[in-house]
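The block underneath contains the structure these notes are about, expressed in structure tokens.
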Amino acid sequence: VQLVESGGGLVQAGGSLRLACTTSGLTFNIANMGWFRQAPGKEREFVAAIGRSGGAAYSSDSVKGRFTISRDNAKNTVYLQISTLKPEDTAVYYCAADFGGLSRLESEYNYWGQGTQVTVSS
């Protein structure tokens, strides 16, 4: 099983990015998918999650209205559209797959990617 994140980089505050997570070796259309992030010196935190069909999705209060999660089951890929970036969004962003119920808990996720760095300059 592999989850590979891409799309991170250095961006100015107020800018946008689209992160992608492409998976292989798992049955993508039965996996709930989540995005988490870990800022320097902080614990990893939940960002957003989306259900198997894409019909259910939610995000943390800290990113609501700025971050949008989506998925393309034909491409085995989940996306995180990030807009109006702030310096406090600087973190390594991870995607993860969960074969249980849709969750914001790290412990519920079975597989993880290696992460992609997002750095926001002020």
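The values are calculated or read from the model by the stated rules, or taken from the named source; none is laboratory data. Bear in mind the structure is a predicted one, so any value in this text is a computation, not a measurement. We place every Cβ from the backbone using ideal geometry, glycine too, and count neighbours over all the protein chains shown. Remember, those area values only see protein heavy atoms, side chains included, never the ligands or the DNA or RNA. Shrake-Rupley method; radii C 1.70, N 1.55, O 1.52, S 1.80 Å.
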Aspartates and glutamates near residue 75 by alpha-carbon distance under 19 Å, same-chain residues fewer than 8 away left out - which ones?
5, 98
Could you name the lysines whose alpha carbon sits less than 25 Å from that of residue 64, not counting residues in the same chain fewer than 8 places away?
42, 86
Report ³J(HN,Hα) in whole Hz for each residue of segment 53-63, in order, from the Karplus equation J = 6.51 cos²θ - 1.76 cosθ + 1.60 where θ = phi - 60°; Gly and Pro get x.
8, x, x, 10, 7, 8, 9, 6, 4, 5, 10
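Skip the ligands, DNA and RNA, and give the accessible area per residue of the chain with a 1.4 Å probe, whole Å². Show your work: numbers first, answer last.
On the way: 5980 Å² over 122 residues.
Ligands and nucleic acids excluded, the figure is 49 Å² per residue.
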Treating the beta-carbon of each Lys and Arg as +1 and of each Asp and Glu as -1, no other charges, what is the dipole magnitude of the chain about its Cα centre, to the nearest 20 debye?
240 debye
Show me the chymotrypsin sites (Phe, Trp or Tyr not before Pro) within segment 28-122 that DSSP assigns to loop and that have at most 14 other Cβ atoms within 10 Å of their Cβ.
99
DSSP beta bridges in the chain [antiparallel fraction, %, rounded to 5]:
90 percent
Return the sequence-ordered ³J(HN,Hα) values of segment 41-49 in whole Hz as given by the Karplus equation 6.51 cos²θ - 1.76 cosθ + 1.60 applied to θ = phi - 60°, using x for Gly and Pro.
x, 10, 6, 5, 10, 5, 10, 7, 9
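Could you check how much of the accessible area of the chain is carbon and sulfur, as a whole percent, using a 1.4 Å probe? List each step's numbers first, then the result.
Numbers: 2760 of 5980 Å².
Solvent-exposed carbon and sulfur of the chain make up 46 percent of the total.
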